[in-house]
1. Might you list the cysteines of the chain that have no disulfide-compatible partner by the rule of another cysteine's Cβ under 4.7 Å?
2. What is the set of long-range amide H partners of Val32 at a cut-off below 5 Å, with H atoms built 1.01 Å from backbone N?
3. Per-residue HN-Hα couplings for the range 57-62, Karplus 6.51 cos²θ - 1.76 cosθ + 1.60 at θ = phi - 60°, whole Hz, x for Gly and Pro?
4. Mind ranking 103-113, 126-136 by how tightly packed they are, going by the mean number of other C-beta atoms within 10 angstrom, highest first?
5. Taking the Cα centre of the chain as origin, work out the dipole magnitude from +1 charges on Lys and Arg Cβ and -1 charges on Asp and Glu Cβ, in debye rounded to 20.
6. Neighbouring Cβ atoms within 10 Å as the yardstick, rank Arg118, Arg137 fewest first.
7. Can you tell me how much longer the chain between Arg93 and Asp73 gets when fully stretched, taken as 0.36 nm per residue apart minus their C-alpha distance, in nm with one decimal?
8. Let's test the formula: R0 of 25 Å, r as the Cβ-Cβ distance of Gln142 and Ala83. What FRET efficiency results, to the nearest 0.05?
Amino acid sequence: MTSSPKQFLTDGAQYCVIAAPFGCLGIATEMVDGSLMVSKIEYLPASAPLLGPKNALAKAAEKQFKAYFKNPDHQFDLPIKPAGTEHQQKVWRSIQAIPVGKTKTYGEIASKINSGARAVGTACGANPYPIIAPCHRVVSAQGIGGFMKENAPGLYRQIKIWLLKHEGVL
């Protein structure tokens, strides 16, 4: 999702922008009930200005993303801010169970959690933690699918293709 960091940051939140093989990643961290947590990750174009991490968690997130970009089997270990509706959380938990190098269709996820494929797609589009909750591993029954409904669908399609190739799916 592309948005200005100022659109979602609150007092105490910090934002960094790191380079990624497909462009950039924006990473927001904030204090939640006395604990520093990742509160948002967003895909950004390569033209986004880089902004170095300012706290230990943002530095750890940058290090873990770099490790993933080198090795798709890297397991993330970052505290993330609770987010989403109960349904969205079910979807995100289901997609976190999809192994690297595998995909599931929106319909397969929907059947597993007793939902509809469109509702699964909507939850994937609302995912605040892409890559960590790997919605790129959820595909359409007719093809790659999942272009996120925000601006620049070409950017998101290219990111999804890069991630799937990186993980050995395409």
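Only the coordinates and a few stated rules stand behind these numbers; no lab work does. Remember, it's a predicted structure, so these values are computed and weren't measured experimentally. Using ideal geometry, Cβ is built from the backbone for each residue, glycine included, and neighbour counts are taken over all protein chains shown.
1. Cys16, Cys24
2. The list, which skips near neighbours in sequence, is Met37.
3. Taking θ as phi minus 60°, the curve returns 5, 4, 5, 5, 4, 4 Hz for the range 57-62.
4. Most protected by this proxy first, the peptides run 126-136, 103-113.
5. 360
6. Least crowded to most crowded, the residues run Arg118, Arg137.
7. 5.4 nm
8. Calculated value: 0.25.
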